[in-house]
Amino acid sequence: MYASLRSIGAYIPSKKLENADFEKMVDTSDEWIVQRTGIKTRYIADASQATSDLAYEAAKIAIERARIAPEKIDAIVCATITPDYFCMPSTACVVADKLGIKGAMAFDISAACSGFVYALSIAKSFIESGMHQNVLIIGAEKMSSIVDYEDRTTSILFGDGAGAAIITATDDKKRAILDVKTASDGEYQDFLITEACGSRNGCSQEVLDKKMHFLKMKGNETFKLAVNTLTQDVFDILQENHICAEDIDWFVPHQANYRIINAVSKKLGMSEEHVVLTVGEYGNTSAASIPMALNRWYEKGEIKKGQLLLLDTFGGGLTWGSALLYFNGD
Ligand code: UT7
């Protein structure tokens with residue numbers, strides 16, 4: 001028995017932030033943002049929307065497209081670094097309730113931008129072990145809740161959104177998730193960090209005044225590591241599975257920066273026509289980035305059943321991962 005990606009769905013909030021909006025907020029320019037990142041717009045959730053609201057909308061679409069009854073879902077894995085609540089309940093439990101799902105295993109995972117690929121790996125193991133038949137995986141983020149809109153080095157990069165997928169069992173290897181690789185190196189824990197309000201620096205007026213609850217990033221150092229790690233990652237997974245870059249229909253990298261995607265694609269020898277690119281439109285949506293990108297290309301009619309996809313991701317932790325899979329959606 002194999003696991004397969006049966007469906008994909010996404011939710012994009014309605015409020016659009018253009019580069020020109022940032023020119024009014026911080027010392028930046030459309031030219032700098034486009035040249036250094038490729039980002040032109042990003043979408044931001046309403047103050048009334050929490051991450052679970054975005055996740056719920058994406059999950060509804062994925063469930064409909066999989067043509068599966070919600071009660072048949074055995075597990076819900078939600079990847080997020082911006083959960084509804086600080087400790088509990090998990091965002092996955094809140095989403096389960098919104099979907100009317102009772103009794104399923106539900107939990108969140110924290111692997112930053114690599115969260116969706118980590119969730120895919122967990123779902124694959126659940127299904128291959130025979131423990132579960134149908135798993136809902138979600139990558140959802142309200143990055144605007146941890147972004148400091150006075151910090152030009154981070155605020156321009158991130159957007160909100162959610163993507164979801166149904167992972168089901170199949171006996172057809174040509175429709176299966178072939179391999180998922182996940183890894184981490186905590187030595188670089190301070191490259192992307194929210195220093196408070198966890199058990200290290202509790203939530204106090206002092207940490208709020210020092211803005212320690214906002215995301216901070218060593219951008220340039222992260223950039224260099226990202227290019228090398230992402231490249232090595234895709235070479236390894238292709239080699240271990242005896243698959244050439246030319247066999248890949250769609251390369252779906254984490255959407256953090258156009259320059260990173262371009263550098264990795266070139267090293268891989270992937271031409272632009274085979275690279276899924278949404279960073280210009282959505283910005284970096286962390287764990288939601290890959291499923292939102294998959295959904296965009298699926299809705300454009302580009303990703304079709306039986307096509308071979310290569311996912312590649314990198315994020316805070318540091319964490320990274322890649323996946324090789326045939327798309328099994330309709
Ligand atoms: O999703 C998780 C993984 N994340 C990533 O992979 C992100 C990786 N990093 C990046 O994408 C890039 O490093 C950034 C887009 C964040 C920054 O680009 P960069 O080419 O690495 O720029 P830099 O940080 O080296 O900064 C260059 C200059 C600095 O000024 P000085 O010191 O040369 O005077 C910055 O202060 O650009 C300045 N700068 C800006 N200028 C205008 C930084 N942010 C801005 C800005 N507008 N928004």
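The values are calculated or read from the model by the stated rules, or taken from the named source; none is laboratory data. For clarity, every value in this text was computed on a predicted model and none was experimentally measured. Cβ: placed from backbone, ideal geometry, glycine included. Neighbour counts: every protein chain shown.
Just a few scattered comments:
- Complete set of residues in region 261-275 that are surrounded by fewer than 24 Cβ atoms within 10 Å (Cβ to Cβ) and either under 26 Å from Glu221 (Cβ atoms) or within 16 Å of the ligand (Cβ to nearest atom) (or both): Asn262, Ala263, Ser265, Lys266, Lys267, Leu268, Met270, Val275
- Residues of region 193-240 classified as touching a Leu at 6+ places or on another chain (Cβ under 7 Å) and surrounded by fewer than 13 Cβ atoms within 10 Å (Cβ to Cβ), total: 0
- Qualifying residue in region 163-170 (condition: surrounded by fewer than 23 Cβ atoms within 10 Å (Cβ to Cβ) and in contact with a Leu (Cβ under 6 Å, 6 or more places away or on another chain)): no
- From the options Tyr149, Tyr118, residue that is within 16 Å of the ligand (Cβ to nearest atom), crowded, with 23+ Cβ neighbours inside 10 Å and not assigned by TED's automatic domain parsing to the domain that holds Gly315: Tyr118
- Checklist (1) within 12 Å of the ligand (Cβ to nearest atom); (2) surrounded by fewer than 21 Cβ atoms within 10 Å (Cβ to Cβ); (3) over 15 Å from Val234 (Cβ atoms) applied to Gly283, failing item: (2)
- Residues satisfying the stated conditions in region 7-57, i.e. buried (at least 24 other Cβ atoms within 10 Å of the Cβ), assigned to a strand (DSSP E or B) and more than 16 Å from the ligand (Cβ to nearest atom): Ser7, Ile8, Gly9, Ala10, Tyr11
- Matching helices (runs of 4 or more DSSP H) fully within region 58-177 where at least 2 residues are within 29 Å of Asp249 (Cβ to Cβ): 115-128
- Complete set of residues in region 1-33 that are touching a residue at least 24 places away in the same chain (Cβ under 8 Å) and over 30 Å from Ile68 (Cβ atoms): Lys15, Lys16, Leu17, Asn19, Phe22, Met25, Val26, Asp27, Thr28, Ile33
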